[in-house]
Amino acid sequence: MEAVRPKKTKAKTSGKSQSARKQKQAEEDKRATVPSAVCDEASTSGFTDVPLSLPYQEPQEEQHDPVQLPETTAQQPDQPSEKQQTTPSQSLSTSVSTKTLEPSLESKEKDGGVAAQRAELKVAAQTTDTQSWNQPCVSTQFQITNAPSAPALYPSLPTLEEGPMLQLCEEAVKNGEKGPAVLALPEQESSPPSLQPLESVTELSGSKLYPELPKTAPEMQPFSLEQLSVWEPGGGLRTWLEGVEVCAAQFCALARQENHELTELLQNYWRCRRQLTQSHTQLHTQSSDCKSTQNRLWSFKDEQLTLQGVCADQSKVCGYHRFQQAEFSQSVLAELRRLFEARSELLHQKVALHAYTALLSRLQVESYLYRLLKDCSGSQTQPCSLQPLKEAISVLFSFTRRVLDDSQFQADIHHWLDRLVAVLLHVGGSGEHLYLLCHLLCCPAGVGKWAAPFLQIQVLGNTCGVQHFMQALSILMSPSRHRAEFLGHLKPCESQSSAASGPESGNWTLVDEGGEEDEDPDSSWLLLCEEDLISLLTQFPFQQLYSHMLGMSKQGVYEPVACSSQKMMRVFGFASSLIEILALGLQTYNRARYRQLVKRIGHIIRMTVCYVSDHWAQYVSLTGAGGSGSHSLSLEKLQLEYDHLFLRAVLHVLRNKRLGIWLFMSEMPYGTLSSSMLWRVLYVMQCAETAGLETLGTTSDTHSCVQALRDPEHQERFEHWLCEVNSSDGISLLTALAHMATPTQHSDPAFITTITLLIYQVSYVSVSTRETYSKVGRELLAAIATVHPYVVSVLLERLRETIQTVGMVALYLCKELPLSLWRPGQRRYV
């Protein structure tokens with residue numbers, strides 16, 4: 001290392017003349033023409049690592065190692081100002097700092113103190129130069145205590161803590177533009193307090209400007225039902241479920257019309273009809289009396305005459321003659337005359353009068369409805385109000401909730417309802433359709449036979465058709481809010497008495513398999529019949545809904561190429577809401593009397609999943625083949641959303657035991673599921689009977705599901721459940737497991753091997769189950785081996801391990817296996 005020319009300090013030149021000092025000060029003023037920013041940066045070189053603009057140096061000086069400077073300084077502690085080796089940056093920093101302090105000198109008496117201060121700054125700069133590379137803010141070597149207060153030559157410590165390093169440099173440039181910094185003479189005995197570092201500044205120098213990114217990306221999470229509702233234009237599931245309460249409140253506010261004008265007219269007509277019916281009954285009774293009396297008017301007696309005689313041959317003969325003798329009764333004639341007079345008076349006085357009043361009352365009702373419909377017709381310029389029409393319909397519906405023994409009056413009510421509802425459906429909107437549905441759900445049993453066409457829903461060609469469909473389906477699948485209040489006129493005693501009219505009454509006592517009554521008779525009369533609910537459910541055009549969901553046109557043109565990731569998410573969101581609403585119906589109608597209805601709802605859930613599965617498979621195939629290039633959502637994210645849509649549907653199905661769940665699960669589309677979701681669904685299906693579905697739904701770790709499936713205790717519980725369950729359900733479950741292993745889209749060898757060994761264990765190894773499931777297990781294993789021939793190796797290896805338990809039954813299994821497709825190999829799929 002080449003030594004740098006030593007500088008002379010003020011301590012050496014303190015004895016020179018005043019003229020020499022002034023000459024040197026003039027030379028320093030010429031050097032002060034260097035930009036002030038460089039001066040300030042040089043003055044703070046001991047604190048920051050801001051690079052300096054160094055003057056021209058020889059190449060040997062630029063290659064000096066700054067780490068060796070503290071060692072040189074340590075070797076010459078007594079001579080800080082003579083022949084000291086420094087780097088170019090330290091020399092420039094020290095010289096500039098010294099030149100900056102020189103203009104503040106005002107008298108010769110203080111030259112010794114200034115020289116000592118400069119020497120101290122030079123030594124400190126040389127000592128802390130190596131630390132300034134790692135600590136860009138403040139060096140810890142300048143720990144000076146009890147320093148007097150002075151104007152801040154350097155930025156204060158709070159400024160260093162609060163602002164970035166660039167701000168400090170800018171402040172230094174601004175201060176440099178005003179002129180060189182000057183220290184007061186009394187305060188030159190020690191360094192300014194701003195040179196005192198703190199530990200917090202040292203910690204700040206070690207902190208990082210940007211937070212560290214996680215080494216591994218967080219696990220991708222599926223959207224919740226609330227987040228999925230963002231993809232639906234109608235607001236999603238929450239909006240439709242909240243709309244049920246809103247519709248129920250609006251319905252209750254308008255459905256009660258007890259003091260309506262039409263109510264009085266109908267009550268008057270009903271009263272006249274009752275009087276006419278009573279008079280007809282009396283007339284029929286008197287007619288029967290007259291007929292019986294007339295039969296007593298003549299009395300007949302059987303008479304017989306016997307004659308005897310002697311023939312020519314002296315033989316005695318006897319002859320008989322039988323005849324009737326009629327006797328006319330005058331008393332009965334008088335009684336019959338009175339009966340005819342009474343019947344004639346009843347016919348001409350009461351029957352005719354009540355028939356006239358009933359007809360007049362009916363004409364009054366017809367006239368009122370005619371004026372109502374005429375007013376509701378309105379015009380295009382001035383639309384009419386539908387409030388009177390809806391009130392009149394509510395009045396008519398109120399009479400259908402009463403015990404009506406007059407068939408003519410009931411037929412008239414239904415006829416008037418048909419006319420008014422037809423007009424309301426023509427001029428009204430979706431709100432009026434939902435209003436009618438609420439009325440239908442509050443009618444007594446048998447409403448589906450005469451009022452099912454009142455529910456009209458159109459999806460295609462209607463801008464609000466989907467919202468109308470989903471809102472109406474939510475109302476139908478939800479429990480009826482005020483049905484008991486509206487059916488208050490139908491008392492249980494009257495309902496039980498009407499059961500004698502025959503099986504058409506709909507009042508049946510349901511019993512379970514043990515012969516015990518299944519429902520409460522005090523509340524069962526309030527429930528609708530299963531035929532009524534099925535009739536209302538068939539009014540929903542699900543085919544049109546699926547066409548709209550899949551983006552099909554009104555002509556039935558299906559274009560999966562036009563599907564994007566955004567549209568795919570809309571399909572997932574809409575299908576999730578539809579499945580949630582149908583699952584609500586499974587919970588609402590979970591009764592023995594609604595077994596067929598529940599199966600129909602489950603069929604709709606399965607069809608929804610199948611349509612979405614086919615659409616998703618089309619999208620994946622087109623995207624993988626280079627379909628649409630721009631996607632805002634990745635295939636992994638979309639696959640995750642589809643998997644959880646499938647899982648939610650499975651969990652809803654498993655919660656309903658009346659659905660025939662295992663036969664239902666055997667028909668689900670497993671081919672489009674991911675490998676991780678297949679493990680979860682397999683675990684959920686096996687633990688549905690032994691664990692709670694609430695805990696199964698929260699199981700999200702695939703590894704834990706795999707470990708649980710391979711647990712011997714889990715295998716024992718599953719075999720024990722197969723022993724107790726009905727054999728048809730067990731066969732359906734094994735069929736569902738085989739269907740999970742047969743698809744080839746996402747074939748996981750470990751998953752397929754697990755299912756194969758499970759079916760083999762149940763069908764051949766387990767003593768308690770193999771007698772029941774050996775035949776179906778052999779067929780299922782052959783079906784799996786046909787799709788995945790390597791399963792034959794797995795079965796043969798397992799057969800070799802359990803040959804003593806299985807015995808000769810293994811021959812039947814080997815005959816069923818597709819050995820012609822098998823390619824023996826060394827790989828083990830376990």
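Could you go through region 297-313 in sequence order and give the Karplus-derived ³J(HN,Hα) for each residue, using 6.51 cos²θ - 1.76 cosθ + 1.60 with θ = phi - 60°, rounded to whole Hz, and x for Gly and Pro?
Per-residue couplings from phi come out as 5, 10, 10, 10, 10, 8, 10, 9, 10, 10, 10, 10, x, 10, 7, 5, 8 Hz.
Could you state the accessible area per residue of region 704-830 in Å², with a 1.4 Å probe and every protein chain left in place?
51
Given points 7 Å out from each Cα along the Cα-Cβ axis, report the Leu372 to His703 separation in nanometres with one decimal.
Here the modelled spin labels are 7.0 nm apart.
Would you mind checking Lys599/Lys637; Lys775/Lys815; Lys567/Lys637 for any pair whose Cα atoms are more than 21 angstrom apart?
Table pairs above 21 Å Cα-Cα are Lys599/Lys637.
Where a ≥ b ≥ c are the square roots of the eigenvalues of the C-alpha gyration tensor, would you call region 537-585 rounded, which needs a/c under 1.5, or, failing that, prolate if a/b is larger than b/c, or oblate?
oblate
From the backbone phi of region 594-610, what are the Karplus-calculated ³J(HN,Hα) couplings (6.51 cos²θ - 1.76 cosθ + 1.60, θ = phi - 60°) in whole Hz, Gly and Pro given as x?
10, 5, 5, 5, 5, 5, 5, 5, x, 5, 5, 4, 5, 5, 4, 5, 5
Can you compute the label reach from Glu261? Point 7 Å from Cα along the Cβ direction, backbone N cut-off under 12 Å, restricted to region 329-365.
365
Packing-wise, with mean Cβ within 10 Å as the measure, how do 608-617, 300-309 rank, highest first?
Highest mean packing first, the order is 608-617, 300-309.
Pop out the ³J(HN,Hα) list for region 643-652 in order, Karplus 6.51 cos²θ - 1.76 cosθ + 1.60 with θ = phi - 60°, rounded to Hz; leave Gly and Pro as x.
With the stated coefficients, region 643-652 comes to 4, 6, 4, 5, 5, 5, 5, 5, 5, 5 Hz.
Roughly to the nearest percent, how much of the accessible area of region 217-297 is carbon and sulfur, given a 1.4 Å probe?
Percent of accessible area from carbon and sulfur atoms in region 217-297: 51.
Show Lys554, Lys390 ordered by accessible area, largest first, where the area counts protein heavy atoms only and the probe is 1.4 Å.
So the residues, ranked largest to smallest area, are Lys554, Lys390.
What shape does region 268-321 take by its C-alpha gyration tensor, where a ≥ b ≥ c are the square roots of the eigenvalues and a/c under 1.5 counts as rounded, a/b above b/c as prolate, and the rest as oblate?
Note, shape of region 268-321 comes out prolate.
The values are calculated or read from the model by the stated rules, or taken from the named source; none is laboratory data. What you are looking at is a predicted structure, and each value in this text was computed from that prediction instead of being measured. Reconstructed Cβ throughout: ideal geometry from the backbone, glycine too, with neighbour counts over all protein chains shown. Just so you know, the surface numbers come from the protein's heavy atoms only, side chains and all, with ligands and any DNA or RNA stripped out. Shrake-Rupley method; radii C 1.70, N 1.55, O 1.52, S 1.80 Å.
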